[in-house]
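Presented below is the structure to which this report refers.
Just so it is clear, none of the values below were taken in a lab; they were calculated from the coordinates. Values in this document were obtained by computation on a predicted structure and should not be read as measured data. Here Cβ is always computed from backbone atoms with ideal geometry, including for glycine, and neighbour counts include all displayed protein chains.
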Amino acid sequence: MNADIYEIFNSIQGEGIYAGTRQVFVRFCGCQLTCEYCDTRDARAAVARCRIDDRQINNPLDVGTVIDAIDRLWTPSTRYVSLTGGEPLLHAEFIRELAERNRRPLYLETNASLPDSAETLADMLDVAACDIKLPEHRSTGDYDRLLDAELATIEVFSSAGVETFVKIVVLPETTEKSIGSAVFGIELIDCSIPLILQPVSPVNINPERLLGLMDFAGTHLSDIRMIPQLHKLLLIP
Ligand code: SF4
C-alpha cells in the first residue's frame with residue numbers, strides 16, 4: 001500500500017491534551033476541507049517529494065519506508081506516532097497496514113469528517129484528536145452535514161474505547177451561538193469527552209470572551225480546557 005506523504009519529522013505536539021509530548025509526525029497529503037485558518041495549506045494537495053528530516057524522497061511512499069523513517073526518528077522521550085495532515089483518514093487503508101506492522105502508539109489528528117474511515121481504524125488507534133469546525137471557519141459549503149459527520153466520527157472512536165478528545169479553533173468572531181451545536185452534540189455522545197478550545201494563532205482574542213466561551217461549554221461538558229498552539233509559542237515547527 002502506498003500514500004503521498006508531505007513530511008515525516010520529530011517534534012513537540014503543540015495542540016490538545018498531549019501538548020508538550022514528543023511525537024513523530026507523519027503528515028499525509030490531501031484534504032477535502034477549506035478552513036480559512038489552515039496552517040498546513042501546502043499539504044492539502046499531493047506533492048512530488050516527501051521531506052524526511054533533511055532528506056527528500058519521491059512520493060508515493062510504501063508502508064515499510066514510513067515505518068523505517070519512524071524508527072530512525074524515534075528518540076527516548078518520544079511517545080506517539082502522530083498521523084496528521086492534510087487529512088489522514090483519506091488514507092485509512094494505508095494507516096491500517098501501518099498499524100498492523102508498526103509497534104508504536106498511534107495518535108490520530110483528524111478533521112473527523114469521515115466516519116466510515118474512522119470505523120475501519122477504531123480498533124487500531126490509541127488516541128483520536130478530533131476537530132469540530134465552526135461555520136465561521138468556512139471549511140465547507142454544507143456545514144450541517146460536516147457537523148453530523150464529525151459527531152458521528154467522535155462517537156465511533158469514543159464508543160470503541162479510543163482515548164478521544166475534541167478540538168475547536170476559536171476565531172475572534174466565535175460566539176456561544178456558533179459553538180453551541182458542537183457543544184450540544186458532544187454532550188449527547190458523552191459529556192466527559194474533553195473539549196479543547198484553541199484560540200487561533202497568533203492569539204488576539206479578548207480574554208473575557210475566551211473565559212465566557214469556556215463557561216458556556218462548561219455548563220454542558222465536564223472537561224473544558226483553553227490551550228493555545230504550544231509549538232508556535234516555542235517557535236518549533
Ligand atoms: S481540515 Fe485541517 S488540513 Fe484540512 S483545510 Fe482544515 S485545517 Fe487545513
Taking residue 232 as the anchor, which aspartates and glutamates have their alpha carbon closer than 16 Å to its alpha carbon, excluding any fewer than eight residues away along the same chain? 15, 39
Within 10 Å of each residue's Cβ, count the other Cβ atoms and sort 65, 153 from fewest upward. 65, 153
What's log10 of I(q)/I(0) for region 1-98 at q = 0.20 Å⁻¹, Debye sum over Cα points only, no solvent? -1.02
Write out the GluC sites (Glu not before Pro) in region 1-96 meeting two conditions: DSSP loop, and at most 14 other Cβ atoms within 10 Å of their Cβ. 36
Which semi-axis lengths, in whole Å and largest first, follow from the square roots of five times the eigenvalues of the Cα gyration tensor of the chain? 29, 19, 17
Per residue convex hull volume, Cα atoms of region 92-131, in Å³: 58 Å³
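Only counting other Cβ atoms within 10 Å, I'd like 157, 25, 184 sorted with the fewest neighbours first.
Ascending number of Cβ neighbours within 10 Å: 184, 25, 157.
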Which whole-number percentage describes the relative contact order of region 1-148, with Cα contacts under 8 Å and a sequence gap of 6 or more? 25 percent
For the chain, what is the calculated [θ] at 222 nm in deg cm²/dmol (nearest 500), taking -39500 (n - 2.57) for each run of four or more DSSP H residues and dividing by its residue count? -9500 deg cm²/dmol
Reduced to Cα centres, the span from region 173-237 to region 1-47 in Å works out to 21 Å
Intensity falloff of region 88-222 expressed as log10 I(q)/I(0), Debye formula with alpha-carbon point scatterers, at q = 0.10, 0.11, 0.16, 0.17 Å⁻¹: -0.33, -0.40, -0.81, -0.89
A correct Karplus calculation of ³J(HN,Hα) over region 49-61, with 6.51 cos²θ - 1.76 cosθ + 1.60, θ = phi - 60°, whole Hz and x for Gly and Pro, returns 10, 9, 8, 10, 6, 9, 10, 10, 10, 5, 7, x, 9
Quantify how much of the Cα-Cα distance distribution of region 170-210 extends past 16 Å, in percent. 42 percent
Take each uninterrupted DSSP H stretch in the chain, measure its Cα extent along the helix axis, and return the ones at 20 Å or beyond whose mean Kyte-Doolittle hydropathy is at least 0.0. 143-159
14 Å cut-off, amide nitrogen to a point 7 angstrom out along residue 176 Cα→Cβ, residues in region 194-237: 209-221
With a Cα-only, solvent-free Debye model of region 73-164, what are the log10 I(q)/I(0) values at q = 0.16, 0.19, 0.26 Å⁻¹? -0.63, -0.84, -1.37
Given an 8 Å cut-off on Cα distances and at least 6 residues of separation, report the relative contact order of region 146-237 as a percent. 30 percent
Residues with amide H under 5 Å of residue 10's amide H, sequence separation 5 or more or different chain, H placed in the peptide plane at 1.01 Å from N; which? 25
